[in-house]
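Following: one structure in structure tokens, then a few remarks.
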Amino acid sequence: MFQFVLRRLLAVLPVLLVVSLVVFLILRLAPGDPAAVIAGNSATNEDINRIREQLGLDRSILSQYFIWIGRVFQGDLGYSYYLSKPVTELIAQRIEPTLSLAAGTLVLAVAVAIPLGTIAAWRMGGWLDKILSGFSVAGFSVPVFVIGYLLIYLFAIRLDWLPVQGYKALFGPRSVGVWDWMRQLILPWMTLAMIYVALIARVTRASVSEVLTEDYIRTARAKGLTERVVLLRHALSNAAVPIVTVIGIGVALLIGGVVVTETVYAIPGLGMLTVDAVLNRDFPVIQGLVLLFSCAYVFINLMVDLSYLFLDPRIRY
């Protein structure tokens with residue numbers, strides 16, 4: 001296993017380099033000049049050129065890239081053009097809301113989707129199966145921001161049960177209690193979880209329904225085992241590989257959903273930091289965030305591959 005992990009990590013390095021180079025080139029070749037944005041509307045050409053020189057934007061693109069990637073290997077992601085802070089510090093300040101949002105969404109989605117998909121497979125063609133099919137279509141069809149605004153209107157404005165927007169920290173000097181932290185995130189969790197419940201429940205239903213037709217399931221029932229034992233011990237455990245795979249894909253897709261959800265609920269996480277950086281053409285922040293998201297995606301895929309070893313003993317690397 002150690003050799004497999006080492007091979008995967010070594011194979012990831014060129015992928016991350018290519019991603020970083022492509023993102024770097026796209027940012028530099030796209031229209032718009034950060035120096036002109038920083039200088040303002042009344043700036044002269046001399047002012048803009050001076051800022052470009054201070055930021056190092058007057059060098060060739062490849063020269064800028066090699067300087068930046070060399071600093072990355074030393075743990076330095078650069079300085080924000082607008083906030084005048086290290087990118088690593090900005091990411092550290094904003095990562096708690098994003099991790100809170102992503103982790104809560106994943107827990108809620110898995111807790112609801114797997115039992116829902118398993119029961120739908122067990123009662124295939126029944127009313128629950130039909131509701132799940134309709135819910136899946138709605139979950140994939142309705143955009144995240146529409147779900148978010150509907151939930152805000154219902155639970156925050158009409159019923160006044162939950163806060164509309166914002167975030168209260170769980171850790172640090174401004175920490176609030178667990179309940180206040182959860183109360184602020186219930187609506188964002190529900191918004192994002194609807195999509196992933198639809199995705200994971202559909203895959204769980206298909207995988208469990210296929211396993212339920214196997215001979216060993218009939219043998220288990222013939223031995224007199226209860227349906228609960230048949231479903232949990234035999235069906236669900238043997239259907240776990242595709243379910244874990246889709247959960248891993250869902251976690252990677254959370255990145256896109258987090259950006260929209262943080263914007264709708266005004267949560268100061270990495271999603272809003274990304275939006276602000278793109279609008280201000282803050283190159284170092286965008287490059288740092290893309291590199292961070294790429295590393296997270298690779299790590300999640302590696303964890304999913306390793307989980308196969310425990311879920312199915314027949315799999316060997």
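The values are calculated or read from the model by the stated rules, or taken from the named source; none is laboratory data. Predicted model, so just to flag it, every value in this text is computed and none were measured. Here the Cβ positions follow ideal geometry from the backbone for every residue, glycine too, while neighbour counts run over all protein chains shown. Ligands, DNA and RNA are excluded from the accessible area calculation, which covers all protein heavy atoms including side chains. Shrake-Rupley method; radii C 1.70, N 1.55, O 1.52, S 1.80 Å.
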Requested in this report: Can you give me the span-like helices of the chain, meaning DSSP H runs with 20 Å or more of Cα extent along the axis and Kyte-Doolittle mean at or above 0.0?
Outcome: 2-29, 87-122, 127-141, 178-211, 240-265, 283-311
**Report entry** Calculated over the chain: convex hull of Cα atoms, volume per residue (Å³)
**Finding:** 182 Å³
Requested in this report: Name the shape class, rounded, prolate or oblate, that the alpha-carbon gyration tensor gives for region 140-206, where a ≥ b ≥ c are the square roots of its eigenvalues, rounded holds for a/c under 1.5, and otherwise prolate holds if a/b is larger than b/c and oblate otherwise.
Outcome: oblate
Requested in this report: Quick one: accessible surface of residue 168, probe radius 1.4 Å, all protein chains present, in square angstrom to the nearest 10.
Outcome: 90 Å²
Query raised in the report: How much accessible area per residue does the chain have, in Å², with a 1.4 Å probe?
Result: 55 Å²
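Does region 251-294 classify as rounded, prolate or oblate by the C-alpha gyration tensor (a ≥ b ≥ c root eigenvalues; a/c under 1.5 gives rounded; else a/b over b/c gives prolate, otherwise oblate)?
Oblate.
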**Report entry** Amide H partners (placed H, <5 Å) of residue 79, local residues excluded
**Finding:** 87
Query raised in the report: Between residue 41 and residue 73, 0.36 nm times their residue separation minus their Cα-Cα distance comes to what?
Result: 7.8 nm
Requested in this report: Of the options 211, 63, 267, report the single residue whose Cα projects farthest towards the positive end of the charge dipole of the chain (beta-carbon charges: Lys, Arg +1; Asp, Glu -1).
Outcome: 211
